[in-house]
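Please read the structure below before turning to the comments.
The values are calculated or read from the model by the stated rules, or taken from the named source; none is laboratory data. Small disclaimer: the values here were computed from a predicted structure and weren't measured. In this analysis, Cβ positions are derived from the backbone assuming ideal geometry, glycine residues included, and neighbour counts consider all displayed protein chains. Heads up: the accessible areas ignore ligands, DNA and RNA and are worked out on the full protein's heavy atoms, side chains in. Shrake-Rupley method; radii C 1.70, N 1.55, O 1.52, S 1.80 Å.
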Amino acid sequence: MNSLALINEFLGQPPNASEHGYQIDHILEFAHWFMAALFFGWSAFFIFVLIRFRKSRHPKADHAGVRSGISTHLEFSVVLIEAVLLIGFAIPLWAKRVNEFPPTQDTILVHVVGQQFNWTFHMPGPDGQFGRREIGLVTNSNPLGIDPNDPAGKDDIVVLGELHVPVNRPVIIELSSKDVIHNFCLPHMRIAADAIPGSLIPMWFKPIKAGNYEVVCGQLCGLGHYGMKGMVVVDEPAEYQTWLKERAELAGTQNAPPATQRPAGEPPLGPTPGTVPPPSAPKTENPAAKPEQKPAQPAPTPSGE
Ligand SMILES: [Cu+2]
């Protein structure tokens with residue numbers, strides 16, 4: 001970024017790619033500088049007090065204590081700066097994220113569904129209407145359970161792992177989850193929200209730079225959590241239209257990838273991947289842990305004692 005983002009860069013903050021992101025970066029940068037100033041200020045004061053009031057110089061405690069008002073003023077200033085940061089900047093920025101959604105005619109609306117351990121994106125297709133989803137209809141080839149009898153769902157676009165959006169247009173995401181709580185986190189867009197089963201959680205951002213941006217899961221959601229990644233590709237408008245057309249053509253003809261794809265190197269699927277079965281669950285055979293029975297059997301002795 002620039003010289004005013006030293007701490008953000010030091011902390012590994014990826015470059016911002018969303019319209020509101022610079023405001024978050026400013027707060028983050030300022031808060032860190034402020035904390036650094038407080039840290040060095042309080043540390044210096046602490047060392048000064050240790051030396052100034054050492055036992056050899058002050059053998060008897062002074063019960064009257066500090067007489068000057070400097071410390072009161074200092075502490076009040078710290079509280080004031082923190083209040084301005086919170087009430088003046090952080091809360092309005094947050095309120096804009098959760099209350100002021102952009103008008104719908106110019107936005108891209110995407111349903112994002114989290115599951116152990118991937119993200120599925122659902123777009124309404126050319127008719128602009130989402131097909132009905134029903135959890136009972138979920139299969140490997142229909143990961144979102146889109147009702148095949150609903151005409152609105154015929155042209156729906158379902159993609160696993162990679163979402164394309166056009167640059168400079170607001171994107172509204174409605175988040176949900178099929179199993180546990182996940183968190184749809186877009187570090188480059190400076191936005192994240194929890195995906196909670198049974199809830200539809202809206203979030204929005206406006207990408208301002210074309211490129212590939214990683215999606216990560218921000219909630220520890222099971223053994224494969226580390227591999228729960230996706231990609232948001234911000235396209236120029238023409239490229240986006242091409243992608244959209246391609247996906248729309250494939251929508252009726254191609255099945256989506258299996259819903260239960262595991263990250264490479266992960267153990268194979270169990271009844272509920274990545275979770276520990278409850279104690280009441282029937283014990284499953286584990287061939288690796290079962291010792292070979294044969295050597296334990298004493299061999300019948302032919303001599304017959
Ligand atoms: Cu997750």
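Observations, loosely collected:
- The residue pairs whose first member lies in the range 203-229 and is more than 18 Å from ILE24 (Cα to Cα) and at pLDDT 90 or above, whose second member is in a helix (DSSP H, G or I) and near the ligand (Cβ under 8 Å from one of its atoms), and whose beta carbons are closer than 9 Å, counting only pairs six or more residues apart or on different chains, are CYS217/HIS225; GLN219/HIS225.
- Residue match in the range 145-154 (condition: buried (at least 21 other Cβ atoms within 10 Å of the Cβ), in a loop (DSSP other than H, G, I, E, B), among the small types (Gly, Ala, Ser) and on the phi > 0 side of the Ramachandran plot): no
- ASN168, sole failed condition from (1) touching a helix residue (DSSP H, G or I) at 6+ places or on another chain (Cβ under 9 Å); (2) surrounded by 18 or more Cβ atoms within 10 Å (Cβ to Cβ): (2)
- Per-region count, the range 94-130, residues assigned to a loop (DSSP other than H, G, I, E, B) and either in contact with a Ser or Thr (Cβ under 9 Å, 6 or more places away or on another chain) or open to solvent by 10 Å² or more (accessible area, probe 1.4 Å) (or both): 13
- Flag for SER68 being part of a helix (DSSP H, G or I) and among the hydroxyl-bearing types (Ser, Thr, Tyr): no
- Flag for ILE51 being closer than 22 Å to ASN183 by Cβ, away from the ligand (no atom under 16 Å from the Cβ) and in a helix (DSSP H, G or I): no
- Boolean, ILE51 is modelled with pLDDT of 90 or more and more than 23 Å from HIS32 (Cα to Cα): yes
- Every residue from the range 171-180 that is open to solvent by 10 Å² or more (accessible area, probe 1.4 Å) and either part of a loop (DSSP other than H, G, I, E, B) or more than 18 Å from ASN118 (Cβ to Cβ) (or both): ILE172, LYS178, ASP179, VAL180
- Pairs where the first residue, in the range 14-42, is more than 17 Å from PHE205 (Cβ to Cβ) and the second is in a loop (DSSP other than H, G, I, E, B), C-beta under 8 Å, 6+ apart: HIS32/LEU11
- GLY198 meets the conditions (1) open to solvent by 50 Å² or more (accessible area, probe 1.4 Å); (2) modelled with pLDDT of 90 or more in every case but one. The failed one is (2).
- If you filter the range 197-236 down to residues that are of a type in the set (Lys, Arg) and farther than 17 Å from GLU174 by Cα, you find that the one that is farthest from the ligand (Cβ to nearest atom) is LYS209.
- Put simply, of ASN142, ASN183 the only residue that is in a loop (DSSP other than H, G, I, E, B) and either crowded, with 16+ Cβ neighbours inside 10 Å or not hydrophobic (A, V, I, L, M, F, W, C) (or both) is ASN142.
- The lone exception for ALA17 - which of (1) at pLDDT below 85; (2) within 30 Å of HIS164 (Cβ to Cβ); (3) surrounded by 10 or more Cβ atoms within 10 Å (Cβ to Cβ) it fails: (1)
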